[in-house]
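J.: Quick one: the structure is below, and I'll ask about it shortly.
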Amino acid sequence: MKTILCMKWGTQYGADFVNQLYRGVHDNITGDFRFVCLTDDPSGMNDGIEALPLPNIELGNAAIWSGWRKLSSLSSQLKEAPYHLSGDILFLDIDLLITDSIDVLFDYKPGAFCIIENWTQLGKGIGNSSVYRYDIDRYQYIFDDFESRYEEIYKTVSNEQVYLTRSVAKTEKVEWWPEEWCRSFKVHALPNRLLQPFIPAKLPPACRVLVFHGHPKPLEALQGVWPRGKKSKRWIRPCPWVSQYWKG
């Protein structure tokens, strides 16, 4: 049984993001799988999605819906009712597109902690937590460490993916996914910034997961709109091929 875990909280994302991710997984995986979404609002989610409550996590002064909440994916709560998760877990952000088979994400480097090497910080030992795989039995200590000293951690660590990767690296080697498997829309699909209003983005070769961190989101890329705050917008060419993978 392959287990895919995602999270949705607050109002930034609708159920359509979870639904499209589920369909993308369904169409690009072989064998039996569980698709679990930890959420504060299960309304509108499709059949096949196990919508379960967000695990408890102490966040202190961090925004209640901040990315630090993702560290609860390591909590031992998820091994108990109502979750009953076991074995290897593949965590996926909900604002990404599955563009090819993800079976390899379960088969790669068995037993290792695997994550994207952050595209804008190559060589610095920092992961991007849009896609990571871990054994649910092995990393509770990271969650416990965070809850015991989160205010101290906030003073020196900028976000949860830096803390997560560095914590794993203290005890074992962090394995990066092969670089062509998990690509960034902004870094790898778009042309040079000066050419973006004229040349559309292209799906990178051999890409299996295309990550839309920040803006644009998939439907913004589809339409060719890049919001940049209330007073300005950054324009890109529409990307009609996004509709092939967005299945919300």
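J.: Multiplying the sequence separation of Glu151 and Trp235 by 0.36 nm and subtracting their Cα-Cα distance, what value in nm do you get?
T.: 26.3 nm
J.: Shifting gears a bit: Please report the antiparallel percentage of DSSP beta bridges with both residues in the chain, rounded to the nearest 5.
T.: 45
J.: Given points 7 Å out from each Cα along the Cα-Cβ axis, report the Ile199 to Asp41 separation in nanometres with one decimal.
T.: Reported label-point gap for Ile199 and Asp41 is 4.0 nm.
J.: How far apart, in nanometres, would the label points at Lys173 and Ser66 be if each is projected 7 angstrom from Cα along the Cα-to-Cβ direction?
T.: In this crude spin-label approximation the distance works out to 3.3 nm.
J.: Keeping every protein chain in place, order Ile4, Ile49 by accessible area at 1.4 Å, biggest value first, i.e. largest first.
T.: Ile49, Ile4
J.: Once fully extended, how much extra length lies between Ser86 and Asn159, figured as 0.36 nm per residue of separation less the alpha-carbon to alpha-carbon distance?
T.: Gain in length upon complete extension: 23.6 nm.
J.: How would Trp177, Trp235 rank on accessible area, largest to smallest, probe 1.4 Å?
T.: Trp235, Trp177
J.: Between Glu58 and Tyr108, what FRET efficiency follows from the Cβ-Cβ distance if R0 is 41 Å, with the result rounded to 0.05?
T.: Using R0 = 41 Å, I get an efficiency of 0.80.
J.: Residues of the range 81-104 with amide nitrogen under 19 Å from the 7 Å Cα-to-Cβ point of Ser243?
T.: Counting only backbone N, you get 97-99.
J.: Let me ask something else. Before I look further, what does the range 1-153 give for accessible area per residue, probe 1.4 Å, in whole square angstrom?
T.: On a per-residue basis, 41 Å².
J.: Residue separation times 0.36 nm, minus the C-alpha to C-alpha distance between Ala206 and Gln223: what's the value?
T.: Between Ala206 and Gln223, full extension yields an extra 3.7 nm.
J.: Given the protein chains as shown and a 1.4 Å probe, how many square angstrom of Arg166 are accessible, to the nearest 10?
T.: Here the residue's solvent-accessible area equals roughly 120 Å².
J.: Out of the total accessible area of the chain (probe 1.4 Å, heavy atoms of protein only), what percent is carbon and sulfur?
T.: Looking at the chain in its full context, I get 50 percent from C and S.
J.: What residue among Tyr163, Tyr154, Tyr22 has the largest mean-square fluctuation in a Gaussian network model of the chain, using Cα springs under 10 Å?
T.: Tyr154
The values are calculated or read from the model by the stated rules, or taken from the named source; none is laboratory data. Computed from a prediction, not measured in an experiment: that's the story for all the values here. All Cβ positions, glycine included, derive from the backbone under ideal geometry; neighbour counts span all protein chains shown. Just the protein is used for accessible areas: all its heavy atoms, side chains included, with ligands, DNA and RNA removed. Shrake-Rupley method; radii C 1.70, N 1.55, O 1.52, S 1.80 Å.
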